[in-house]
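The values are calculated or read from the model by the stated rules, or taken from the named source; none is laboratory data. Every value quoted in this text rests on a predicted model; they were computed, and no experiment measured them. FYI the Cβ positions are ideal-geometry reconstructions off the backbone, even for glycines, and counts take in every protein chain you see. For accessibility, only protein heavy atoms count, side chains too; no ligands or nucleic acids. Shrake-Rupley method; radii C 1.70, N 1.55, O 1.52, S 1.80 Å.
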Amino acid sequence: QVLSDVFNAPVYTIDTANSACLGSAYRAIHGLVAETHVSLADVVKLAPEPRLAVTPTAGAEELYRPLLKRYAELEQKIVYNPTSSC
């Protein structure tokens, strides 16, 4: 629920063990075939059917939007000036 609220997006799961590892493997395959212009959708077309797990809580976007903006600012500061203090 937290991921859904923070990113204001529905979260889907698949009924398989280690689904995060499976997702990483699909991304790796996509990277390997990137020069052939195969889409990620084509790479995962045989994946198990995802099911909706949670949707964002009403009003959560108003809480998290400014925090995400601040997080992005801090991340940029670290990436472009890693020796500065935040």
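Structure summary
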{"quantity": "Cβ pairs under 7 Å, 6+ apart, first in region 16-36 and touching a residue at least 24 places away in the same chain (Cβ under 8 Å) and closer than 16 Å to Leu46 by Cβ, second of a type in the set (S, T, N, Q) and open to solvent by less than 80 Å² (accessible area, probe 1.4 Å)", "calculated": "Leu22/Thr16"}
{"quantity": "Qualifying residue in region 15-23 (condition: under 20 Å from Gln1 (Cα atoms) and touching a helix residue (DSSP H, G or I) at 6+ places or on another chain (Cβ under 7 Å))", "calculated": "yes"}
{"quantity": "Residues (without any contact (Cβ under 8 Å) to a residue 12 or more places away in the chain and within 30 Å of Thr16 (Cα to Cα)) located in region 38-82", "calculated": "Val38, Ser39, Ala41, Asp42, Lys45, Leu46, Ala58"}
